[in-house]
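Notes for the one structure printed next.
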Amino acid sequence: MSVKIYSMTKDVKRLFGQFQPTKYILDIVVDRDNMTFSGMVIVSGTRSGRPSNRLTFHQNGLKITSCHLVKNEKQGDHEINVDRINHHKKFDEVRLHSSQALHSGQYTVKMEFSGVISRHMNGIYPCFFEKGGVEQKIIATQFESHHAREVFPCVDEPEAKAVFELTLTSPAGEAVLSNTPIKNQKTSNKSFITKFQPTPRMSTYLLAFVFGNLEFKQAKTKNGVVVRAYATPDNVEFTKFALEIAVKCLDFYNEYFGIDYPLDKCDLIALPDFASGAMENWGCITFREYAMLLDPNNSTLSTKQYVALVVAHELTHQWFGNLVTMRWWTDLWLNEGFASWMEYLAIDHLFPDWQLWTQFAVDEQQQALKLDALENTHPIEVPVHHPDEIRTIFDTISYSKGASVINMLHDYMGPDAFRDGLRHYLQTYKYKNTDTVDLWTSLEEISGKPVNEFMHKWTSLPGFPALEVNVDENKVSIEQSRFFANPKHKKIDYSLWPVPLLGDQDTVSTLATKSTSLEIINPQILKLNQGQSGFYRVTYNATHVQTLGQLIKKGRISPLDRLGILTDLFETAKAGKYDTVDTLNFLKNFAHENNYAVWDSIASLIGSVRLVMGDDELRKVMKPFVRKLVTPELNRLGWERNSNDSHFDLLLRPIILGLAASADDTFVVNQCKKLFEQIVNLEAKDTNPESSTSEKRPLPNMHFDPDLRGIVYGTVARLGGAKEFNKLLSLHNKSRLSEERTSLAAALTGFKQPSLVERALAEITTKTVRLQDVSYWIAYSFMNRHARDLTWEWMQINWGWLSENLGTDLAFYRMPMYSARVFSDKTFIKKFRDFFLPKMSPALERSYKQGLEILEIQTDWKIRDQKEVKSFFKNQ
């Protein structure tokens, strides 16, 4: 598929080439009541290039009120008159013009400026919470990717590393935090004037500060680094787990990287309002509450894992991203892909019983393979032409595909050589900037292996290979080609990858050609990509698929390989290269399946069929099949936790009960209704009638697994009405736990009555829903088949509101994908085009193209296979 639309992109102008800053002395005064700020910055650095009459810095939305320019020479400072200060909104620039030619050399620039604080959750922004029924505001910053320019004039590019000396004026009596410890602090006119110690040499996007009514818990690493976990007063008790993980991860990374964490302190701050999951500001790491807070009585096990992984991810960045930084956003994956892999290594070290590498295959690798199967994917190393494109590459390719190819490289090199190569890389480039090839070179120097030759195509080419394997009695033939999810694609792609076959000892290690033939001693047990560490899919001839099915049935294939065989088969069927009904029949080989990760893939398969093909008739005939499929595990696990449960059993129970509930299993549905009444009754008893109705409180402690609460909420919503809606909304509005509000949002958007769908959608633009959570409500509402048409109408009507309130948020630019992935009919394709094409921008373009392609794939799949799929389920 090829989509031709007008592209607004052009190569971004880089300012680092004309001025290289070395130091910023920054003084910022924030007026929280009036939502404004003002400040002064003194920038020291080197001007290079040809002489000209201007000096240019980034700014966005600032008013530069004065400028003082000095050239620093050996014989003394020479003041230069600035004749004009021009603000260029189109280019995010302020241009300082002089009648005197500016030659290469050392300069110091002093600028005074002012700006406005907005609620867009970048630059400087407010976070809101309640204490004692009174609304309070925390002021925080978010500068990645290019939002430092919204707070002070600077060269806002990763390569422009400098030392920052920050002085901040904020209300007295409140916590005030930045990257480094406080150097000195004084009180003046009910304000704190806080001067922080100089930062290490770092990029502008890593500078941060936070102040407000925050409390903390504290611990220390083995080498004395003070680690503090901050949150609002009512939530600080829930920071204990994140604090524990942070200390252990810092100790682990100190040893693994061979370089000690370079700062004296490390703060973790849970913010009530935060657009992303977390941000790795050096020594001042900010988090969405959901990604940091853990309530031992009410948080799910999956949330516990998520918090651990996010903390580990952000702490990885303190070395990989902060100490050594990509030169330009093209190599964002060097930050994010590596941290997304390293988080698993660290947490697996701390919690080996969690079997995180098995979960990695589902949560990272499979998600990346699905997105990368589109024509409108992008390489890991992706050119960035326009500042607004930067936010669009904070996606599954940069994170999960990046992590997946790192995982493949780790297996290729071996763990010791890989670790030693990373140590060499970090030591060589600390406090500097790098490109991808610098990492490959470091790994090659230590391992002696051709890392650049092996990895170059995996990071520079879009997509991935599929191996078509034909197995007969004593011979195996293999052919590779790029895998496309769209069977109607017209693109001819001759890309070849060096594919690590990762089979048994009889197979060659790497396939670098179009095809090969192998003589195998026992080809009947052949399964390529053993352990699923290779980033590719494998399709086998029908006879061998049946053979593998029998091996699965006999328990002779590992969970990771069972997962790989099933997902490869299913995605191949969706792409029209295998029969969907044959894939559903293949599920019968999993009659005794008990592994969480495999069941996660089975649930995804069933959910995809139901979402794309599921009219009322198909959904009805699927239910008996699903009930039969889950019965063995439902009987084994039951509703209650027990002492024999493994970690994977605890994660599996919600999947099994969720599938059973969706298939209207009578016992599970009745249990959900019963437990919901218990929650409502306990919540009512827990409410103090003398307190403010707006007071936030934790949920009452329940006597059943918190992992099942989402199933309870979702089931009563799906089968309930206005009474249940009102109770769920009351729970949502009284909960102070972000995790719980998210679970309740999924339920509130899950009703089938149009009036209740409209009520849920209407809440989005009110104070009921925080701006950070708007995308959840929209995405969940789209996933409800009874709500998707109304949600589409609501999104069109409220596009102006969304643009105004979320226009710089990554979630806003994912709206085309949120809507496209739930439809599978030709009539919607035209509606989709007609609405989004007039709104096209560099930030929307990729999401639009990917959404349109997903629409076409799902529509074709439904037309091609729906009739046969219905017959299959009727016959079961």
- As a Kirkwood estimate from alpha-carbon pairs, region 216-318 has a hydrodynamic radius in angstrom of 13.4 Å
- Message: Tell me the mean residue ellipticity at 222 nm calculated for the chain from its helices only (DSSP H runs of n ≥ 4, each -39500 (n - 2.57), averaged over every residue, nearest 500).
- Response: -13000 deg cm²/dmol
- Check the straight Cα-Cα distances from Lys449 and name the aspartates and glutamates below 16 Å, setting aside those fewer than 8 residues away within the same chain. Asp411, Asp416, Asp420, Asp438
- In degrees rounded to 10, the 0-90 angle between helix 842-874 Cα long axis and the longest Cα principal axis of the chain is 10 degrees
- Query: Using +1 on the beta carbon of Lys and Arg, -1 on that of Asp and Glu, and nothing else charged, what's the dipole of the chain about the Cα centre, debye to 20?
  - Reply: 1580 debye
- Each residue of region 332-342 in turn: what ³J(HN,Hα) in whole Hz from Karplus with 6.51, -1.76, 1.60 and θ = phi - 60°, glycine and Pro shown as x? 3, 4, 4, 6, 7, x, 5, 4, 5, 7, 5
- Mind checking the angle between helix 616-637 and the chain's longest principal axis? C-alpha axes, 0 to 90 degrees, to the nearest 10. 90 degrees
- Query: For region 431-441, in order, what is each residue's ³J(HN,Hα) by Karplus, 6.51 cos²θ - 1.76 cosθ + 1.60 with θ = phi - 60°, in whole Hz (x at glycine and Pro)?
  - Reply: 6, 10, 10, 9, 10, 4, 4, 5, 5, 4, 4
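Evaluated at 10 °C with a viscosity of 1.306 mPa s, what Stokes-Einstein diffusion coefficient in µm²/s does region 155-277 have when Rh comes from the Kirkwood expression over alpha-carbon pairs?
So the translational diffusion coefficient is about 100 µm²/s.
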- Please report, in whole Å, how far the alpha carbons of region 702-837 spread along each principal axis, starting with the longest. 51, 31, 24
- Message: I'd like the chymotrypsin sites (Phe, Trp or Tyr not before Pro) in region 797-859 restricted to DSSP loop residues with at most 16 other Cβ atoms within 10 Å, sorted by number.
- Response: none
- Query: In degrees between 0 and 90, to the nearest 10, how far off the longest principal axis of the chain does helix 451-460 point, with axes built from Cα atoms?
  - Reply: 90 degrees
- If you count the DSSP beta bridges with both ends in the chain, what percent of them are antiparallel, to the nearest 5? 80 percent
- Item | Where trypsin sites (Lys or Arg not before Pro) fall in DSSP loop in region 266-349, at most 15 other Cβ within 10 Å | none
- Message: Using DSSP to call loops (not H, G, I, E or B), can you name the chymotrypsin sites (Phe, Trp or Tyr not before Pro) in region 440-513 whose Cβ has at most 15 other Cβ atoms within 10 angstrom?
- Response: Tyr494
- For Asp561, Asp388, what's the largest-to-smallest order of accessible area, 1.4 Å probe? Asp388, Asp561
- Message: What number do you get for region 554-595 when its Cα radius of gyration is normalised by 2.2 N^0.38 Å, N = residues?
- Response: 1.17
- Would you check the accessible area of Met121, probe 1.4 Å, heavy atoms only, in square angstrom rounded to 10? 10 Å²
- Task: Pull up the cross-link candidates among the aspartates and glutamates for Lys554, meaning alpha carbon to alpha carbon under 18 Å and not fewer than 8 places away within one chain.
- Result: Glu593, Glu633
- What shape does region 422-492 have by the C-alpha gyration tensor, where a ≥ b ≥ c are the square roots of the eigenvalues, rounded means a/c under 1.5, and otherwise prolate means a/b greater than b/c and oblate the rest? oblate
- Report, to two decimal places, the Cα Rg of region 764-814 normalised by 2.2 N^0.38 Å (N = number of residues). 1.07
- Note on the structure: Under the Karplus relation with 6.51, -1.76 and 1.60 and θ = phi - 60°, whole-Hz ³J(HN,Hα) for region 784-800, x at Gly and Pro, equal 7, 4, 6, 10, 4, 5, 5, 5, 4, 5, 4, 5, 5, 5, 9, 4, x
- Note on the structure: Sorting Thr199, Thr108, Thr827 on solvent-accessible surface, 1.4 Å probe, most exposed first, gives Thr827, Thr108, Thr199
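Taking region 491-571 on its own, what percent of its Cα-Cα pair distances exceed 14 Å?
Tail of the P(r) past 14 Å holds 65 percent of the pairs.
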- Item | List Asp582, Asp615, ordered by accessible area with a 1.4 Å probe, largest first | Asp582, Asp615
- Note on the structure: Of all C-alpha pairs within region 36-78, those more than 17 angstrom apart amount in percent to 46 percent
- Item | Electrostatic dipole magnitude of region 545-609 [Cβ: Lys, Arg +1; Asp, Glu -1; Cα centre; debye, to 20] | 200 debye
- Note on the structure: re the chain: pairs of Cα atoms spaced beyond 49 Å account for a percent value of 21 percent
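Over the alpha-carbon set of region 790-831, divide Rg by the Kirkwood Rh and report the Rg/Rh ratio to two decimals.
1.00
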- Item | Solvent-accessible area of Asp616 with every protein chain in place, 1.4 Å probe, in Å² to the nearest 10 | 110 Å²
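The values are calculated or read from the model by the stated rules, or taken from the named source; none is laboratory data. Quantities reported herein were computed from a predicted structural model and do not represent experimental measurements. Using ideal geometry, Cβ is built from the backbone for each residue, glycine included, and neighbour counts are taken over all protein chains shown. When the accessible area is computed, the model is the full protein with side chains, heavy atoms only, and any ligands, DNA or RNA have been set aside. Shrake-Rupley method; radii C 1.70, N 1.55, O 1.52, S 1.80 Å.
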